[in-house]
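Data block below; observations after.
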């Protein structure tokens, strides 16, 4: 069973006296998992630990049952697109991917085939014969991504993979992550672009100052934040009437009517009671309700509630 | 399985040769190797013209011996190996590209071996070829007499010995400086320490003499060079090591240093931020 998960058991990492991560316990299932947190929160440390580039000061890490201290096994399963925007000098895009595949021990034909496939996946085939040093930032990002996926890893770790990409490339890359995640593989992504994290993530891990603040599916994480009233957006034909009926309840702490006269934003400290009440009110009053949707169960809101904007984040 | 690790080492060699050969950063190493060849070629061209007071083949042989001792062993090969081997890991740390290797399923020990063989390939090609060319060009102006000296006299043996010593120097110094590149942020400092130790070798007690590379290399050289006055009074004589001790001894030291480097490489973390 543990062979399907990435697990961290009481993992800490210190850089001298500086804390990188502290007592992290995680079980990451397959799918797309986003690491969210301000600069210096420990996202890259977590990624470097699970790829074996650094070692924990204490604790045990297993990636699909393999310890990162065994790169011979681990690196066949893991691809890592790091944030280091550096390349061996003088290599073309093709040579860059092909040469490191050769270090995996594959023969020439296999390396060529995999290199071509990886280049096609990131739309870099045409530029593959140009020296990497002459690439734009977005192209360098894509060629690093191609290098990380070329050996078809079970676990793909991506540190800010959308940086420098144009909107078209972003959308293609996000689609690639989704496909990868839906095929039962692990995709671990760190990103500070929270609306994009929302789009791609099956689960999130929120980090702050080296601690895991929350983890899980974003709706689940949101519902755990009890001290922040839940926001619910209702679109109906008579929002004023609905607001006056609902506002009599104790758990409704705020109601705002939208400028178009059809939207009502409510904040409630008890979502379960609210939904029960709402059903009753709608039935009693005969309101025509177009939609009811939570307005703050996204990564951005949860991030603001748990970590806050005063963290020096790059959001 | 065996083929897999051999293919992995071949993969490292391909990459290293691509990065190392003809790299602009290493221009001065080519200069170190080609300098004496150019001087020998000029000497040949100059001496081709008939002129009085022409020296003998024996004198040219002694000139080469001095050049080999004081230039090749103490300067050219020494600093060439500093440039080549200490940068095998250090340059990748500075350029932030070592993680690409560390993210392949390659045993770190094999990475050390692969990089060492690549460095050794470059160093031996450069310095063994340079030694041979310089030796052959230095007496070329003697024409048929020099050909006879090489083919029927002691020339071929001497040439073989010098080439062997140059190759062994690359092996010995290569292992020392590969290790320095793994352990020190600035490998020039340990390189200078090693250089001072090697330069002091003639003046050290016999026991300490043997803890060096130069002592064994000198034992294998075909022509002995006396230390000139006034330094000769400070020289402490020691029996040169016989070939059957000098060659395996040097190789053993190189293997020990490589094993130590391989163990260290396994513990090395990618932490470019602190570089």
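Read-outs throughout are calculated quantities, based only on the coordinates presented, and are distinct from any laboratory measurement. Keep in mind that what you see is a predicted model, and the values were worked out from it rather than measured. Note: ideal-geometry Cβ built from the backbone for every residue, glycine included; neighbour counts use all protein chains shown.
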At the level of C-alpha centres, the distance separating the stretch B:118-169 and the stretch A:48-62, in angstrom, is 52 Å
Residue by residue through B:92-98, how many Cβ atoms from other chains fall within 10 Å of the Cβ on average? 3
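Within 10 Å of each Cβ in peptide A:143-155, how many partner chain Cβ atoms are there on average? Round it to a whole number, please.
Numbers: counts 0, 1, 0, 0, 2, 1, 0, 0, 3, 0, 1, 0, 0.
If you average over the peptide's residues, the count of other-chain Cβ atoms is 1.
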Counting all Cα-Cα pairs in chain A, those more than 37 Å apart amount in percent to 29 percent
Give me the inter-chain shielding for A:88-97: mean count of other chain Cβ atoms within 10 Å, whole number please. 3
Tilt of helix B:155-183 relative to the longest C-alpha principal axis of chain B, in degrees (0 to 90, nearest 10)? 30 degrees
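Could you tell me what % of all Cα pairs in the protein assembly as shown have separations over 40 Å?
Percentage above 40 Å: 46.
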Cα convex hull of the stretch A:167-227 - mean projected area over all directions, nm²: 5.0 nm²
In degrees, nearest ten, helix A:167-182 long axis to first principal axis of chain A (Cα): 90 degrees
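Quote the FRET efficiency, to the nearest 0.05, computed for residue B:184 versus residue B:46 with a Förster distance R0 of 25 Å and r equal to the Cβ-Cβ distance. Please list the in-between numbers first.
Values: r = 43 Å, r/R0 = 1.74.
It comes out at approximately 0.05.
Among bridges DSSP assigns within chain A, what percent are antiparallel (round to 5)?
Values: 35 of 53 bridges.
Around 65 percent of the beta bridges assigned by DSSP in chain A are antiparallel ones.
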Express in whole angstrom the spacing between the alpha-carbon centres of the stretch B:181-222 and the stretch B:65-99. 14 Å
Would you calculate the separation in nanometres between label points at residue A:126 and residue A:256, each defined as 7 Å from the Cα along the Cα-to-beta-carbon direction? 4.5 nm
Based on alpha-carbon centroids, what's the gap between the stretch A:11-42 and the stretch A:66-117 in Å, whole number please? 25 Å
Give me the percent of DSSP beta bridges within the stretch A:83-220 that run antiparallel, rounded to the nearest 5. 55 percent
Between the Cα axis of helix A:271-285 and the main Cα principal axis of chain A, the angle (0 to 90°, nearest 10) is 50 degrees
Fully extended contour minus Cα-Cα distance, from residue A:117 to residue A:84, at 0.36 nm per residue: 9.5 nm
Extending each Cα 7 Å along its Cβ direction at residue B:70 and residue B:244, get the distance between those two points in nm, one decimal. 3.6 nm
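Rg(Cα) of the stretch A:33-178 divided by 2.2 N^0.38 Å? Walk me through the numbers on the way to the answer.
Details: Rg = 15.4 Å, N = 146, 2.2 N^0.38 = 14.6 Å.
It is 1.05.
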The base-10 log of I(q)/I(0) that the Debye equation returns for the stretch B:54-167 at q = 0.13, 0.14, 0.15, 0.22 Å⁻¹, one scatterer per C-alpha, is -0.61, -0.67, -0.72, -1.16
Residue order, fewest to most beta carbons within 10 Å, for A:247, B:177, B:79: A:247, B:79, B:177
Rounded to the nearest 5, what is the percent of antiparallel bridges among the DSSP beta bridges in the protein assembly as shown? 65 percent
When only alpha-carbon atoms are used, what values of Rg and Dmax, in angstrom, describe chain B? 20.5, 68
Ranked list, fewest to most other Cβ atoms within 10 Å of each Cβ, for B:209, B:18: B:18, B:209
On the principal axes of its Cα set, how long, how wide and how thick is the stretch A:235-315? Give whole Å, largest value first. 48, 27, 17
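Mind sorting A:204, A:36 by how few other Cβ atoms lie within 10 Å of their own Cβ, fewest first?
Details: A:204 25, A:36 30.
So the residues, fewest neighbours to most, are A:204, A:36.
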If I take R0 = 22 Å and measure r between the Cβ atoms of residue A:183 and residue A:73 in this structure, what FRET efficiency does the formula 1/(1 + (r/R0)^6) give, to the nearest 0.05? 0.55
